[in-house]
Amino acid sequence: MTRLVIFLLASFLLIQGYTFEDELSKKDSSKKEDTPKKALEAFTADDFKKLNDDIKKLTEDAKTGTPKENEPAKKDNKLDEDDKVKTGEPEELGDAPEDVMEDELDEILKDMDKENTKRKAIFFGFFSRIFGSRRRSSSSKPSGGSSSGGSAGDDETVKRECLRVHNEKRALHKNTPPMTYDDNLAKDCKKYAQYLASINTMKHSSGNYGENLYYAWSSAGKSISGSAAHASNSWYNEIHDYSFWTGRSKNGKKVGHFTQMVWDDSTKLGCGAGLSADGKTIMVVARYLPPGNWRGEYKQHVHPLK
């Protein structure tokens, strides 16, 4: 299209030049012979040369696509990478393929599961080493029977220790007679001690008797031997919190174990001990007849030291 325009423009100029020359010849036929030559001088060889150069330039511009001299160059709407950096425009990030993102997510979740598993293993391993596993120990030893009851020799040990300590402590107080041991009462104490050890809970029973309870635990294990003596001494040590003047606790701490132990009217004693299945917990139960610790009667039945 551009070449056609150039061709038509050149043809038009040439025709106009010859037409202008003919018009001058007709109008000035009466003038001198050099008049047509002057008319031709109006469109000289230099003009034709310039016209030819312009045509060549237009042709080259059409081939190379160079914009015209007065026409502003069109700027591409898209910014290249350098323009984006210079103008501060953020670079667009393409979306990652879904399968790649899912694979990365799976790897992250697997790593998290591994870390959680390690932490759980460390946590439970730590506490297992400290406290041991009750489930493993219960399966290694039979429940009930000899594991929590003890033999006849143990029963005699409990009887001897419990009665001895009780009567030694009672002998320190005025008007407080010694106790006698009741085997039937002791038999019930043993059964209840075994029950408490099996459920690993300390709670009082209900009955027409006085009752003291003792609990002890050791990771190294406990023994029937010595347990009744430890229990009896522990109960009596509440004397330090008891006021013989008021018949009450000095500081709000418990004193009922001590007062029942030295209650002057309680003259019959039974005692029993029971071990837990893993052998680490021991329960001691002592019962008294007639029962003591009647409200309002402490000063009358709990006598001061001699």
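What follows is calculated from the coordinates using simple rules that are stated; it is not laboratory data. Computed from a predicted model, the values in this text were never measured in an experiment.
A few remarks follow.
- Global geometry of segment 174-221, whether rounded, prolate or oblate, following the gyration tensor of its Cα atoms and the 1.5 cut on a/c: prolate
- Volume of the Cα convex hull of segment 187-265, divided per residue and given in Å³: 136
- Other-chain or far-sequence residues with amide H under 5 Å of Tyr242's (modelled H): Lys250
- Once the Cα-Cα distance is subtracted from the 0.36 nm per residue extended length, the Ser249 to Lys191 segment shows a gain of 17.7 nm.
- Stretching the chain fully between Lys49 and Asn184 yields a gain of 34.0 nm (0.36 nm per residue, less the alpha carbon separation).
- For segment 288-304, backbone phi angles converted through the Karplus equation (6.51, -1.76, 1.60; θ = phi - 60°) give residue-by-residue couplings of 10, 10, x, x, x, 6, 7, 4, x, 10, 5, 5, 7, 10, 10, 8, x Hz, Gly and Pro being listed as x.
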